Every structure is written in structure tokens, then in C-alpha cells.
Amino acid sequence: RFECAGVVYEMDSQISRASFLHVPPLDAFGSIVDYQEFIMPRVAWSVEAGRRDLLELFRSYASGPSGVMVAKGPDINLTRVEFLARCFPDAQFLLIFRDPVANVEGLCRKWRLFQECTLAETMRFYLEIHEHFVRAAEALPTQVLAVEYETLVEHPDATLDAIGARLALVPASRSHRLAAVPNVEGKGIRNVRRGRIQVVKDADQRAHGRLDSADAETIRTALGPLQERLRAAPFTIHMDPSR
């Protein structure tokens with residue numbers, strides 16, 4: 001939809017293994033605590049070295065004249081936002097937050113580490129990394145945007161247009177396709193069809209259906225206030241339902 005030089009889909013694993021920013025696969029960790037501790041930034045980290053390693057990664061995926069690069073990193077961008085902002089002072093951070101019941105269900109279904117720990121431990125991890133981001137966002141008021149996943153699914157065109165306007169992105173001159181990606185069923189929220197990403201619109205309902213009702217209520221009680229806090233945050237984009 002917008003001009004960009006390229007997209008890095010998993011920044012933490014695609015960066016050079018020699019970089020201190022590299023994160024091993026989730027299954028390499030013995031516990032959620034070990035993983036969370038690893039992805040937190042260190043005081044001794046060098047901004048110059050971090051910028052160098054990230055630029056090397058971005059350049060390896062870049063093509064065309066655009067100066068915009070998109071880098072996805074769901075957990076590390078929540079925990080390392082302050083450090084990344086120091087590496088790239090002009091960077092913009094977009095948080096897409098989802099119904100926590102569906103989000104936690106997905107974590108527990110897709111990843112061994114979350115399957116082997118308690119539901120309470122998964123919720124604690126989810127809450128702490130999001131709260132870390134919210135605290136950081138307060139210090140970066142002009143660099144952070146947020147949008148609900150459900151809003152993006154229900155109003156994709158209007159939501160993307162709003163994001164593009166806020167970030168002053170240039171409309172793409174041609175349609176971009178994932179030519180090298182085959183038709184693939186996703187893990188619950190998106191599929192690839194004919195070189196395009198297709199979002200599964202009933203993903204939340206499916207997730208709720210896979211959970212015990214008591215577990216769903218436990219998650220809603222524990223994490224619902226965070227969802228409401230994100231909805232009310234000044235950096236969150238809202239769509240007018242009447243449009």
C-alpha cells in the first residue's frame with residue numbers, strides 16, 4: 001500500500017548471529033523467564049554497534065529508492081523500544097494489540113515454551129512486556145502509534161490510510177506481491193493466497209472456541225484492563241464506525 005524499501009519479517013532472528021541483538025529460536029530457551037530476561041535491553045549495549053548491525057540487516061533486504069524500512073519484531077520491539085529509538089531517532093513504532101484472550105490462546109497453542117508453563121506465567125509475561133512498551137511510549141509521544149487488530153481486520157482500508165497519513169507514507173506506485181511465497185495456511189490469523197496476505201476474519205472467535213470458558217474468563221479478568229488502557233491511550237488510532 002505504501003512505498004518502502006523492504007520488509008524484515010522477524011528482525012530478532014534475521015539479524016546476524018554475531019550481533020548482540022540476535023535472539024535464538026523460542027524453543028532454545030528453558031523457560032519464559034529465561035526468554036524474557038534475554039530479550040530485555042542491557043545498559044552496556046552500544047547504540048553505534050546496534051545501529052550498524054541493524055543497518056546491515058535492513059540493507060540486505062532493501063531495494064528501490066524508498067527510505068522507509070518495515071521491521072517486525074513482536075516481543076523485542078515491545079521490550080527494546082527505547083534502545084531502538086536511540087539507534088534510529090526518526091523511527092516510528094506501530095503497536096497492533098489484540099484481544100488478550102485470543103492472543104494468549106495463540107501463544108499457548110503455537111509455542112512449546114508457553115504450552116509447558118502455567119497460564120498465570122504466560123499472562124504475567126504478556127502483561128509485563130506490554131506495560132514496558134506503554135511506559136516507553138510515554139517518553140516517545142511523537143514516535144508511537146497503536147491500533148487494535150480487530151479494527152484493522154474490520155476496517156483495513158480506512159485503518160491503513162489513517163496509519164499512512166499519520167506517518168506521512170507515500171502511496172505505492174505499484175502493487176506488491178509475495179511472489180516467492182507459496183499458498184500457506186497461517187497459524188490462526190492470516191494466510192497467503194496468490195502472493196497476497198489474507199487475514200482470517202473470525203480468528204478471535206475461533207480462539208475463544210478453543211479455550212475452556214473458565215480460562216477465557218481468567219485471561220479477560222487479568223488482561224482486560226491492559227486492553228482498555230491501550231484503547232484509551234493518546235497514541236491509539238480509532239476508526240469512526242459510521243464511516
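The values are calculated or read from the model by the stated rules, or taken from the named source; none is laboratory data. From a predicted model like this one, the values you see are computed outputs, not experimental measurements. Every residue, glycine among them, receives a Cβ derived from its backbone with ideal geometry; neighbour counts consider all protein chains shown. These area figures cover heavy atoms from the full protein model, side chains too; ligands, DNA and RNA do not enter into them. Shrake-Rupley method; radii C 1.70, N 1.55, O 1.52, S 1.80 Å.
Points worth noting:
- Additional length obtainable on full extension of the chain from F38 to R206, 0.36 nm per residue less Cα span: 57.3 nm
- Rolling a 1.4 angstrom probe over the chain with all protein chains present gives an accessible area of which 55% lies on carbon and sulfur atoms.
- For the pair the range 41-83 / the range 109-142, the C-alpha centres are spaced 20 Å from each other.
- Nearest-10 value in Å² for the accessible area of C117, using the 1.4 Å probe: 40
- Length added when fully stretched, H238-E82, from 0.36 nm per residue minus Cα-Cα: 53.7 nm
- Here A5 and A49 are evaluated by their C-beta separation; at R0 = 25 Å the FRET efficiency comes out at 0.65.
- Using R0 = 41 Å, the C-beta based FRET efficiency linking A158 and L119 works out to 0.70.
- For the peptides 122-128, 23-29, 217-223, the ranking by mean Cβ contacts within 10 Å, running from highest to lowest, is 122-128, 217-223, 23-29.
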